[in-house]
Amino acid sequence: MSEKSKKDTILVVDDVHDTVEVLQRNLASVGYSVYTAPGVAEALAIIESTPVDLVVTDFKMPKISGMDLVRHVRENHKDMEVIMITGYPSVAGAVTAVKTGAEEYLAKPFTDAELFAAVRQALDKLRRRRLGGPQPPGIPPASHGLIGQSEPMRKVLKMIGKVASSSATVLIFGESGTGKELVARAIHYCSPRAAAPLVPINCGGIPESLLESELFGYVKGAFTGATESRAGFFQTADGGTIFLDEISETSLNMQVKLLRVLQDREVYMVGSTRKRTIDVRVLASTNKSLPRLVEKGQFREDLYFRLNVVSIELPPLRDRGDDIVLLANHFCRKYSQELDKPQPQFTDEALQVLKNGYSWPGNVRELENVVHRLVVMLEGERIDVPDLPALMRFSISRQPDLTRTLAEVEAEYIRNVLSSVGGNRTRAAEILAVDRKTLREKLKKMGK
């Protein structure tokens, strides 16, 4: 949809149902797309998940006032306007509202003409700002496998566009399966370093005893079996980018050595006393809270600050709204082409279950696996609710299937526990009475 044909989106916030209903009806009648919320908390949830151009909010509401919402929008969303309405008009209130950031201040009762004029003025100001000011850098929505149009993903894409042209170190964090490596790839291939190598390293997948020699290389004779010198990943990435995936899995000893590389841009090969200068951009990722690990003494604070020059937070799939539908259709098309099968269509009911009926603890990776399995197993032309995995479907009671293996039963139970705690692996491990390492190994076997 072009910018010209796109409907302006308005969010109406008021705790009086009749007022919300009238405003929604009147604004929709002249072509606006209107969302409503009975309070500030509900409004914030909509703003974080849905592109909104203009917020029309009441002033006096229980718990959190409209003035607080105005301030929140002004300090967190540059690409949004606000209009304040109130049944308690005063000069002081109007001045405060405008100073806080409201574009207009309407006192109840107001006419439709006054409302429409205020809305037009606010939206015209927003359009002028968008056209007149520098456009925020960005990348195409589906660039390098990143697919999404939800507000959280739009923020991620804007951040990628902003940081790609620099050489700043970037820390990417988010739950497992959200696409952290895709973000790293997008940053690299949209940067001036795109022609040089991108070297991804899974820090948790290399034994601690080998990690130093793998990262920095070694010289002949450095240890038993070192029959020749070999460059490490940092030298391989020279001129390009190195991606340290799951940086939180490194030991404190290795963190000291990584800190030195980030500070001095120099590496020492194992067994050598000669330093080698490198030109490498460092991207890192984690699915853990590094500040919490710093508090526990499990991650160096100085390394955290070195890595966290710019941070990008990837939202969990459950917070991405209609992106679930976009991704499901994308994976359906992808695997249909790979298998040379006609692409099946999801029914509206099936899409509704995918979007709202499941918490997706495994995030995008889990959705991809589910759709891949559906395309492989489906015999018809439509994917309906009964075709979805059993744990996504409603059932009054399920008789135990005594033909399943113990591994299958365990895998289903682990998925259900993870789903019940919103994908929180620490909490799931506590419920399962296993440590996080054991849970991680079991999830790997399950393909998560």
- Query: Of the residues that sit in region 184-207 and are under 21 Å from the mean Cα position of the chain (by Cα) and more than 21 Å from Gly447 (Cα to Cα), which one is surrounded by the fewest Cβ atoms within 10 Å (Cβ to Cβ)?
  - Reply: Tyr189
- Query: What number of residues in region 271-323 are of a type in the set (S, T, N, Q), more than 22 Å from Ser49 (Cα to Cα) and surrounded by fewer than 20 Cβ atoms within 10 Å (Cβ to Cβ)?
  - Reply: 6
- Query: Of everything in region 145-166 that's modelled with pLDDT of 90 or more and among the β-branched types (Val, Ile, Thr), which residue is farthest from the chain's Cα centre (by Cα)?
  - Reply: Val163
- Screening Arg230, Arg265, Arg260 for residues that are over 19 Å from Thr286 (Cα atoms) and more than 31 Å from the chain's Cα centre (by Cα) leaves only Arg230
- Residue under evaluation Tyr218, criteria (1) at pLDDT 90 or above; (2) crowded, with 21+ Cβ neighbours inside 10 Å, criterion not met: (1)
- Complete set of residues in region 25-37 that are surrounded by fewer than 17 Cβ atoms within 10 Å (Cβ to Cβ) and within 29 Å of Pro152 (Cβ to Cβ): Ala28, Gly31, Ser33
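A quick yes/no check of all residues on (1) farther than 13 Å from Leu388 by Cβ; (2) touching a residue at least 60 places away in the same chain (Cβ under 8 Å); (3) within 24 Å of the chain's Cα centre (by Cα):
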position: Leu326; (1), (2), (3): yes, yes, yes
position: Pro344; (1), (2), (3): no, no, no
position: Thr347; (1), (2), (3): no, no, no
position: Gln352; (1), (2), (3): no, no, yes
position: Pro361; (1), (2), (3): yes, yes, yes
position: Arg365; (1), (2), (3): yes, yes, yes
position: Arg373; (1), (2), (3): no, no, no
- Query: Looking at Val376, is it assigned by TED's automatic domain parsing to the domain that holds Ser419 and surrounded by 14 or more Cβ atoms within 10 Å (Cβ to Cβ)?
  - Reply: no
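In region 93-107, is there at least one residue being at pLDDT 80 or above and charged (D, E, K, R)?
No - not one qualifying residue is present in region 93-107.
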- Task: Give, as residue ranges, the helices (runs of 4 or more DSSP H) completely inside region 251-363 that count at least 2 residues that are among the β-branched types (Val, Ile, Thr) and farther than 30 Å from Arg230 by Cα.
- Result: 323-338
- A careful count of residues in region 333-368 that are surrounded by 20 or more Cβ atoms within 10 Å (Cβ to Cβ) and in contact with a Phe, Trp or Tyr (Cβ under 7 Å, 6 or more places away or on another chain) gives 2
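The values are calculated or read from the model by the stated rules, or taken from the named source; none is laboratory data. Keep in mind the model is a prediction, meaning the values are calculated, not measured. All Cβ positions, even for glycine, are placed from backbone atoms using ideal geometry, and neighbour counts span all protein chains on display.
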